[in-house]
Structure formats: C-alpha cells, structure tokens
Amino acid sequence: MRLQLPRTMLLVSRSYSYTARLALPRQQRRCYSASVDSSVEPIRGLDMGVAHSKLLLRTVASLRGNAELQAAGVSEGDSKKMNMCQAINDAMRHTLATDDTAVVFGEDVAFGGVFRCSVGLAEEFGNERIFNTPLTEQGIAGFAIGMAAMGHTAVAEIQFADYVFPAFDQIVNEAAKYRYRSGNEFNVGGLTIRAPCAAVGHGGHYHSQSPEAFFAHVPGIKVVVPRSPIQAKGLLLAAIRDPNPTLFFEPKILYRSAAEQVPTDDYVLPLSKAEIVRPGKDVTVVGYGAQIYALENAIQMIERDMPGVTCELIDLRTILPYDADTVAESVARTGRLVVAHEAPRTQGFAAELAAEIQERCFLRLESPIERVCGLFVPHPLVFERFYMPCAVRSYEAIRRSLTY
C-alpha cells in the first residue's frame, strides 16, 4: 500500500520543499545558513553566537576595566553603544575631522555604501572628500595609490573583498613596492583599503570570500581583521595613520550583530599585536575576525565537558605582520595549538602560523597542531553551513589536541 502524503509534505531532491519546511515547527526546519542548530550535540542548550558573547564590552564598567583602552587613555571618557558599522563610520569621521588631506571614496560610498558604513560623511565633509568611483576595482586602487603618493590620506573602499582581485596588481606590484623601489624616497603610506569580507549566511561564492592569505604573502603592506566595534574603530584609525599601506578586512556578518560601548574619543589600538582575550593553561586556540566567536563557543563546550581544562584564546587581529611571539609564548606554556579561519585550509594562513610555531616550539608540543578552516571548495550558498569552521568542528579539533 502506498502512503499518500499531503502536498506540503512531498519530498523534492532529497530535501523538504520550501512549503514543507514552513509547515514544520521552527526548531525542526532544515535551515541552510550560517546559523547554529541548537539541537545538535555537543551544544546542548548553550547560548551560541555573537549575541551571547562574553568577549564584547557591552557595559561602561567593562569598558573602563579594559587594559588596552586604559593605555589609550579613553577608558574613562564618554562612550556610546555602536555596532561595527557605526564604529567604522566613527573612525572615518575622526579621520576626516582631524586630517584635511583625508578622502574617502569607492563604489556607492557617497550615499553611505551598500552596508551604510560611510552614511552621513558626504553631507558633513562635502562631495570633494567623500565621493563615488566608477565600477573598477583596479581603477579605485590605482587612484588611491596616486592620491597617497601625492600626500593624501586615501581611504578606499572595495565594495566586497571578493572584488579585490582586479586590483591585485595595483596593490601587490605598486602599493606594496612603492617605498622599496624608490629607496625610501617616495611612499604611499597614507593608503588604506577597506573591504567587507567573509561569510554572511547568504552571500554565495562572490560575496563571502576571505582573501587575507593572498596578501599575507606580500612584503610592504599590512593586513588587519577586527573582531568587534571597539577593535574596528581603534584598529582602523591605527591603520589609517600607519606609515604603510594597509588592507583592512571587515567581517560583514559583524556589522550589525556585534555591538559594544565604544569610546567616542579618538584612539588607536596597536597593529601587529595579538590579544589574549581568554587566558588558559591547557591549549592555545588562535583565530581572528568573526571566527573568534565560534572558537569562544567551542571553548565553552570543551571546558564544560572536560572539567579542569582551560583554553587560552588569542585574537591575532593583524595578519601581516602577525604577532608570532605572543602565540609562541602561549604554546610554550600549553603545549598545544589549534588555529582556525574561514578561508580554505589549503595554503591558508593557518598553515603559515602552524609552520612558524612548529619551528619555534617543537620540543614543547604535546600534540600535532590542529587547523580548523573552510573546505577547499568555492564558497557555497546552500551548503555554507557545511563549509564553515563552526563551533562544533572547532570543539572536535580542540578535543583531539587535548586527548592526543
């Protein structure tokens, strides 16, 4: 006897049809995105994701207790709740207000940009300093290099990091080598290129990539990836004022999901200096950008399931030149290392860090270095959830390291 199903429950290509999924209770639907399925082990009811992160400074008290902000002299000043998009906007506003040579430009930047990071700047500072460009990334980078070479502070936006590749020649062969080939007579240190990067849940292969490793191979530039609004503002101001051309990759999923009490005053955070955001004694866990929150959740699960174990979590922040010393000092104490990033595993930045730490800490290592990365495939749309180095995959890697 053949079972007759209602029309809304028919199966299509091994998955529920859209209408069938809508007919199910929300917690039972198959959702193909970067969101976390809280029914899957080993999560078991933990509050997951950026919204519940203990790393974000959401209160004035936590802001005032932060050592880096104390050193910057802004921990006791005024603050305002901002998401990452607003914090980046505030950093550019400070730059434009204090530097008459500063200009901000890119595709659709004058009306605020597709993510609204530059909203209001054109009205405040004028169309001669905030302006749109043609749809040519090579042209944007070339124009930015020219302006920086003439003494301007040029803040260029590439609308998505996925679009940076037409500008690759300008960045790698012109910006990165400008000082070297002129014997330090000329430079483009006033150049900063901003670009939204990484997964967002629905971006597919042209709006989700993490290309930092391509540029981490190039001497002469700096590469920065922030994890939060406070970090984004301080690191972006530091990047703009650094005497070297800098690529500033912004994890776009954090633009509105991460919010903190951000100092309203002008401040900078140190480039090429990693931050130990969670101390521990048994394993060193390293990441950057939005991956930090997946690692935070993985550590929570490990410390719940393995009583007595503590994990040290390090945010690299700057990818080039990166802070190998902080990581090596940590691994020398813990004897174990797990590195994670969204970009594909093969030739990813984690391989560089693993090789460096293996050379420095070989006799201290208690287990093989683990890498948790995106899969070696074009960034998928429907199957993004399987591609991502999520909290569960990170948990499994940390557990393997600890039980080796």
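The values are calculated or read from the model by the stated rules, or taken from the named source; none is laboratory data. Please read these numbers as outputs of a predicted model, since none were measured by experiment. Cβ atoms come from the backbone with ideal geometry, glycine included; neighbour counts cover every protein chain shown. Ligands, DNA and RNA are stripped out before the accessible areas are found, and what is left, the full protein with its side chains, is counted by its heavy atoms. Shrake-Rupley method; radii C 1.70, N 1.55, O 1.52, S 1.80 Å.
One table, with the values for the structure above:
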{"item": "Modelled FRET efficiency - R0 30 Å, S62 with D99, Cβ distances, 0.05 increments", "result": "0.45"}
{"item": "Entries in K222/K281; K54/K81; K80/K222 that, when Cα-Cα distance is taken, lie over 23 Å", "result": "K222/K281; K80/K222"}
{"item": "Sequence of F386, F249 from largest to smallest accessible area, 1.4 Å probe", "result": "F386, F249"}
{"item": "DSSP-defined antiparallel bridges as percent of all bridges, the range 273-403, nearest 5", "result": "20 percent"}
{"item": "Base-10 log of normalised Debye intensity for the range 167-276 (one unit scatterer per alpha-carbon) at q = 0.17, 0.20 Å⁻¹", "result": "-0.87, -1.11"}
{"item": "Per residue value of the accessible surface for the range 186-280 (all protein chains in place, 1.4 Å probe), Å²", "result": "30 Å²"}
{"item": "Kirkwood hydrodynamic radius over Cα pairs of the range 109-224, then Stokes diffusion coefficient at 10 °C and 1.306 mPa s, in µm²/s", "result": "106 µm²/s"}
{"item": "Contact order normalised by residue count of the chain, Cα under 8 Å, 6+ apart, percent", "result": "16 percent"}
{"item": "Radius ratio Rg over Rh of the range 266-312, counting only Cα atoms, Kirkwood formula for Rh", "result": "1.07"}
{"item": "Compactness of the range 181-233 as Cα Rg over 2.2 N^0.38 Å, two decimals", "result": "1.48"}
{"item": "Overall form of the range 273-403 per C-alpha gyration tensor (a/c, 1.5; a/b vs b/c)", "result": "oblate"}
{"item": "Positive-end residue of F248, G190, I130, charge dipole of the range 60-263 with Cβ unit charges", "result": "F248"}
{"item": "GluC sites (Glu not before Pro) within the range 275-349, DSSP loop, no more than 11 other Cβ atoms inside 10 Å", "result": "none"}
{"item": "Solvent-accessible area of R278 with every protein chain in place, 1.4 Å probe, in Å² to the nearest 10", "result": "60 Å²"}
{"item": "Charge sum, other residues only, whose C-beta stays under 9 Å from I140's C-beta, Lys/Arg counted +1 and Asp/Glu -1", "result": "-3"}
{"item": "Computed log₁₀ I(q)/I(0) - Debye formula, equal Cα scatterers, no solvent, the chain, q 0.13 Å⁻¹", "result": "-1.12"}
{"item": "Fraction of beta bridges assigned by DSSP in the range 60-263 that are antiparallel (%, nearest 5)", "result": "20 percent"}
{"item": "Debye intensity ratio I(q)/I(0), log10, the range 60-263, q values 0.08 Å⁻¹ (C-alpha model)", "result": "-0.25"}
{"item": "Simple Cβ-charge dipole of the chain, Lys/Arg +1 and Asp/Glu -1, about Cα centre, in debye nearest 20", "result": "1700 debye"}
{"item": "Fraction of the pair-distance distribution of the range 131-174 above 13 Å, Cα-Cα pairs, percent", "result": "51 percent"}
{"item": "Whole-percent carbon and sulfur share, accessible surface of the range 273-403, 1.4 Å", "result": "57 percent"}
{"item": "DSSP-defined beta bridges in the chain - what % are antiparallel, rounded to 5", "result": "25 percent"}
{"item": "Per-residue SASA entry for M306, accessible area with 1.4 Å probe, Å² rounded to 10", "result": "30 Å²"}
{"item": "Which of Y206, Y404, Y180, Y387 is most accessible, then next, and so on - probe 1.4 Å", "result": "Y180, Y404, Y206, Y387"}
{"item": "Expected 222 nm ellipticity per residue - DSSP helices of 4 or more, -39500 (n - 2.57), all of the chain, to 500", "result": "-9000 deg cm²/dmol"}
